[in-house]
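The values are calculated or read from the model by the stated rules, or taken from the named source; none is laboratory data. Small disclaimer: the values here were computed from a predicted structure and weren't measured. As a convention, Cβ positions derive from the backbone with ideal geometry for all residues, glycine included, and neighbour counts pool all protein chains shown. SASA here: full protein model, heavy atoms, side chains in, ligands and nucleic acids out. Shrake-Rupley method; radii C 1.70, N 1.55, O 1.52, S 1.80 Å.
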Amino acid sequence: MLLLRSSQMLQTLERALRKDIPESIKVYGTIFHMNQGNPFKLEVLVDRWPDFKTVIVRPQVQDMTDDFDPYTNTYQVYSKDLQNCQEALKSSDVINWKQHLQIQGLQSGLNEVISNVAVEKSVQVKMTNRNLYLISETMNRYAPSQQNVDQSLAKTEKPKKDINTEIFKMSSLDIEHAALVNSLWSFGGNEKSLKFIQRCIRHFPSYCLLGPQGTPVSWDLMDQTGELRMAGTLPEYRGLGLISHIIYHQIQALDKLGYPMYSHIDKDNQPMQRMSQTMKQRCAPCHWQQWDCKPDGGSAPKESQSQGEAGSKAAGSS
């Protein structure tokens, strides 16, 4: 695999990946943010250049120092040739299979590819499959040739239900709010996920509504791949439509900055699916997928189960 070192190469790759949205949007979104300053210090590998088949984004090797931190040890994958991709993933120069890590991708064939490699590498894999939702503004900006001619899908629909602006104030999250976000995130609930959330708050725009006490009662973040995720609402404030106002405000603000946006929603999370459809977000034909991989016999931080899953299903997209 070749490491793309120049900004010109990364810009060329960004333009090429745009043609394959939505299947490429996770890698595309990551490359976009790399070209905007690379706040997560990521690097890109391709099988060949410029006629690439497989793209793998990963942290710089010197940053993956904790073998038990899958939030840092995260890889994004997109491939036009899954057999080629499988050969690339086998290489120890590409992925350190001795670590607890995550792989993210949107192509259905990747599950078989990663399962095959995991067997060869003696790695335990837990796969998560959720619905992928595309933000209309992003699709109109970056993939106009794939758009439905129905102009009603051109923009995110503003929530019809108003909120009391005397009680709830739009704001952004501070680092000290990361613990609150972490407590309701279905993939979080541990110290390593807390550090990941802190990085996202530090480097990317975040949005929340402050309640009567001046503290966040509902929120949504962006991660290093351009995904809107970790949404949540405190139990006592659910059912008021707060999260829809946050997401609408977030989309309007980030679209002005030209950011690509998308999200994922648990297939059992009917309230969030209905909200996304009402806001004219588009359920993609491909799915959001994440593979949590750890070596046989390895230990790893436990996810928050009861509180995190309940918070996600009731009020969050991921």
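Here are some notes:
- Members of region 8-39 found to be open to solvent by less than 10 Å² (accessible area, probe 1.4 Å) and assigned to a loop (DSSP other than H, G, I, E, B), listed by number: 21, 24
- For residue 5, the conditions (1) of a type in the set (D, E, K, R); (2) crowded, with 16+ Cβ neighbours inside 10 Å; (3) more than 24 Å from residue 141 (Cβ to Cβ) all hold with the exception of (2).
- Qualifying residues in region 225-241 (those that are part of a loop (DSSP other than H, G, I, E, B) and free of Cβ contacts under 8 Å to residues at least 60 places away in the same chain) - the one most open to solvent (accessible area, probe 1.4 Å): 239
- Of all residues in region 47-106 being hydrophobic (A, V, I, L, M, F, W, C), without any contact (Cβ under 8 Å) to a residue 60 or more places away in the chain and farther than 19 Å from residue 21 by Cβ, the one that is surrounded by the most Cβ atoms within 10 Å (Cβ to Cβ): 89
- Of the residues 265, 246, the single one that is among the β-branched types (Val, Ile, Thr) and in contact with an Asp or Glu (Cβ under 8 Å, 6 or more places away or on another chain) is 246.
- The lone exception for residue 256 - which of (1) farther than 24 Å from residue 74 by Cβ; (2) charged (D, E, K, R); (3) open to solvent by less than 10 Å² (accessible area, probe 1.4 Å) it fails: (3)
- Matching residues, region 158-209, being surrounded by 19 or more Cβ atoms within 10 Å (Cβ to Cβ) and in a strand (DSSP E or B): 207, 208, 209
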